[in-house]
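First the structure, in the form of structure tokens, and then the observations on it.
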Protein chains: 2
Amino acid sequence: MATTQPAAVDRPPTIHDIAALCGVAASTVSRALSTPDRVNIRTRQRIEAAAAQLNYIPNSQAKALSSGRTGAVGVLVPDITNPFYFDLIRGTQLQLKAAGYTQLLVDTEESDEVEASTMEQLRKSADGIVVAASRLSDDALLAAAAKMPMVTVNRDVPGVPAVLIDTPSATSQALDHLVSLGHKRIAYIAGPATSQSSTRRWTALSEAAKERGVEVRRLGPFAPKTQSGAAAADAAVHSGVTACIAFNDLIAIGMLQRLRERGIRVPQDMSIVGCDDIFGADFCNPPLTTMASPIEQAGRVAVSMLLAQLNPLAGGGTRSRSVMPTHLTVRGSTGPAPTPAAPGLGTQ
Amino acid sequence: MATTQPAAVDRPPTIHDIAALCGVAASTVSRALSTPDRVNIRTRQRIEAAAAQLNYIPNSQAKALSSGRTGAVGVLVPDITNPFYFDLIRGTQLQLKAAGYTQLLVDTEESDEVEASTMEQLRKSADGIVVAASRLSDDALLAAAAKMPMVTVNRDVPGVPAVLIDTPSATSQALDHLVSLGHKRIAYIAGPATSQSSTRRWTALSEAAKERGVEVRRLGPFAPKTQSGAAAADAAVHSGVTACIAFNDLIAIGMLQRLRERGIRVPQDMSIVGCDDIFGADFCNPPLTTMASPIEQAGRVAVSMLLAQLNPLAGGGTRSRSVMPTHLTVRGSTGPAPTPAAPGLGTQ
DNA sequence: TCTGGTATGACAACCGGTTGCCAAACTTTG
DNA sequence: CAAAGTTTGGCAACCGGTTGTCATACCAGA
């Protein structure tokens, strides 16, 4: 009769069961488990043994309620089915799990309203949030960040910690690549009007174009989906450019499909550059030249920054801004500019 | 001085704030909000007005603690980055949100241990779980289902409610398609050994093959990733078959890439059929013939079944099994069998 | 041996709701 | 008009932990 087996009731064990088993107070059990130094090592070991024996699992709800911390982090993405976010999500998930946090993933459906209401909701049930490609205004985002710890991804608002993917500089690399292939008339296929990264990229691109003395025009905006690629392709053909830099790979892949349908050869008649190097960019037809960056790592960094904000323990200042490098991955969708006499472009 | 503004403290409002504002007890507020019939309509309206004025949001942690229900549902997938799950996740997310539930998405990393520990963890923080393509044994799954409401996807265990995707019948359609194209020697590229759907599909396929008098051999197992496609392609070529039915599109796409590298033409030298019709299947090179099914709908159905289980209110018996239809989508990766004299296959 | 300091563990309040029970108030009925 | 029934709302316990406060016990130093 060494152990006073509490009849193994169906209900999962609580600290009170452990306390009863060890003959100590529940608070002592709580301390033994969360503030080990605060308790005699022998008592602690007894408690730990009892906890193991009962297969004790702390109730996160109760812990959250009393301590104020939920152990959960919200991750908001505009569209779960966009492959770009897969790697990001995987990165956040890995890093969160490693730190013992739970990930609350929400698809905000590209809607600022859903995004705002989700944040309000999460304010109680999460310790912080990672917001990818927010559709909110700067002010709204700043206000939300004041209410709960937040890290944005691909959204630069002063005062809000952010992980930025350096697509503007990659865009310049893409331009150089196209220029070196002889392209003179180039289009930027813009993303959603509310996308800040599209705007930033266009700014960088038009400046770089000016320096290099080539003409870059902006087409769009287009929704970041493959379906939008058809309209983008038609617009590009109509505008008489010989190369396009697309907002993202989804649009670029959609363009490839449309151009193929129309009998316009890529890259002979038209070169296409995508962005993000998503799943599929390497096996579409032709394989897509695109701007790649370590997205999974971006997710991990975002979480690290958030957790540093949540647990401002030792260590120096919290980074409030992190820029992920980007590079151009050249594949089959870009090639030499067609010679002026070349047939095929529907322009006059 | 109509309202006694409680100085708008920083802390978010609780039912006690509302109670004070209305001059009633906290319990009355609780009832007014959750059991409206239990409270006088005038009182209720006053409370509702006060709640709106204070912008009250109930604390889900506290609610969960006292009521025992968390309002959250766990969704377990083996690999978030597998595009197959995107649509599933989106389906569950939509249906859950519509019902006012929160989705807890977890990537179990194709590991039965992670899966089991996640379930244990979720037992406290979720009301139920949806488990896609479980890697657990039947017994373990059954035991877990006894402890918390569960619906599986693509996993058939007696006693556990499930949404099944009818790939076995689609596999027969695929076989018919290949047979009608003249293929006689066909390979099934198997998925992970622990995948029940791979096993079920193989069973259906070998039976159908017997009926039709064609030879189908099994190759594998292979991990469900594009990288595995190379080995699968090599094995298929070596085995001398003229057509392959792959466990899923990831493997199939990987095979397409490898065959291209090796100069083996698809579909002239080898036909390939995938499964799932994932993102990318339509734009790979050549576009993939594949078995398609309404995955998003599968996610919705799974959630509906789970919620019916959680709230066994009115309405007839809870469905415990739902089969999603599947059909073959023919694209460019399948074609007539090569004539016996045709060159190209590295077999003797 | 007495005093001050530290280690240890118990008590109880608290987090923000839910819910069983009961009493007051109101309504209906004989 | 009184008795019985029905609303309505308050009290308090409870969910499962956390944490501030305090008493006891143990230790070393004087």
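Taking the conditions (1) more than 14 Å from every other protein chain (Cβ to nearest Cβ); (2) near DNA strand C (Cβ under 10 Å from one of its atoms); (3) at pLDDT below 90 in turn, B:PRO36 satisfies each one other than (2).
Counted as qualifying within the stretch A:182-299 are the strands (runs of 3 or more DSSP E) with 3 or more residues that are closer than 25 Å to B:GLY254 by Cβ and touching a residue at least 40 places away in the same chain (Cβ under 8 Å), namely A:271-275, A:289-292. Restricting the stretch B:95-108 to residues that are closer than 17 Å to B:LEU307 by Cβ and more than 8 Å from every other protein chain (Cβ to nearest Cβ), the residue that is farthest from DNA strand C (Cβ to nearest atom) is B:GLN95. Just so you know, in the stretch A:50-70 the residues that are more than 10 Å from DNA strand D (Cβ to nearest atom) and either of a type in the set (Asp, Glu) or assigned to a loop (DSSP other than H, G, I, E, B) (or both) include one that is farthest from the other protein chains (Cβ to nearest Cβ), and it is A:ASN55. Checked against (1) at pLDDT 90 or above; (2) away from DNA strand D (no atom under 12 Å from the Cβ), B:ILE18 passes all but condition (2). Screening B:LEU142 with (1) facing another protein chain (nearest Cβ under 7 Å); (2) surrounded by fewer than 23 Cβ atoms within 10 Å (Cβ to Cβ) gives one miss only, at (1). Output the residue which, of all residues in the stretch A:125-146 that are in contact with a Pro (Cβ under 9 Å, 6 or more places away or on another chain) and not aliphatic (A, V, I, L, M), is farthest from A:SER60 (Cα to Cα). Among them, the one singled out is A:ASP138.
Evaluation of A:ALA26 against the conditions (1) crowded, with 17+ Cβ neighbours inside 10 Å; (2) more than 40 Å from the chain's Cα centre (by Cα) shows that the sole unmet condition is (1). Can you tell me which residues in the stretch B:30-46 are more than 9 Å from DNA strand D (Cβ to nearest atom) and in contact (Cβ under 8 Å) with a residue 24 or more places away in the chain? Correct list: B:LEU33 only. Examine the stretch B:71-92 for a residue that is in a loop (DSSP other than H, G, I, E, B), more than 30 Å from B:ALA252 (Cβ to Cβ) and facing chain A (nearest Cβ under 10 Å), and state whether such a residue exists. Yes, because at least one residue in the stretch B:71-92 is in a loop (DSSP other than H, G, I, E, B), more than 30 Å from B:ALA252 (Cβ to Cβ) and facing chain A (nearest Cβ under 10 Å). Hey, among A:VAL157, A:VAL151, A:VAL130, which residue is part of a strand (DSSP E or B), more than 24 Å from A:LEU219 (Cα to Cα), more than 14 Å from chain B (Cβ to nearest Cβ) and touching a residue at least 12 places away in the same chain (Cβ under 8 Å)? So the residue among A:VAL157, A:VAL151, A:VAL130 that is part of a strand (DSSP E or B), more than 24 Å from A:LEU219 (Cα to Cα), more than 14 Å from chain B (Cβ to nearest Cβ) and touching a residue at least 12 places away in the same chain (Cβ under 8 Å) is A:VAL151.
The test for being crowded, with 16+ Cβ neighbours inside 10 Å and not aliphatic (A, V, I, L, M) does not hold for A:PRO158. The set of residues in the stretch B:93-105 that are among the hydrophobic types (A, V, I, L, M, F, W, C), farther than 20 Å from B:ILE165 by Cβ and not in a helix (DSSP H, G or I) comprises B:ALA99, B:LEU104.
The values are calculated or read from the model by the stated rules, or taken from the named source; none is laboratory data. Remember, predicted model here, so these are calculated numbers, not experimental data. Using ideal geometry, Cβ is built from the backbone for each residue, glycine included, and neighbour counts are taken over all protein chains shown.
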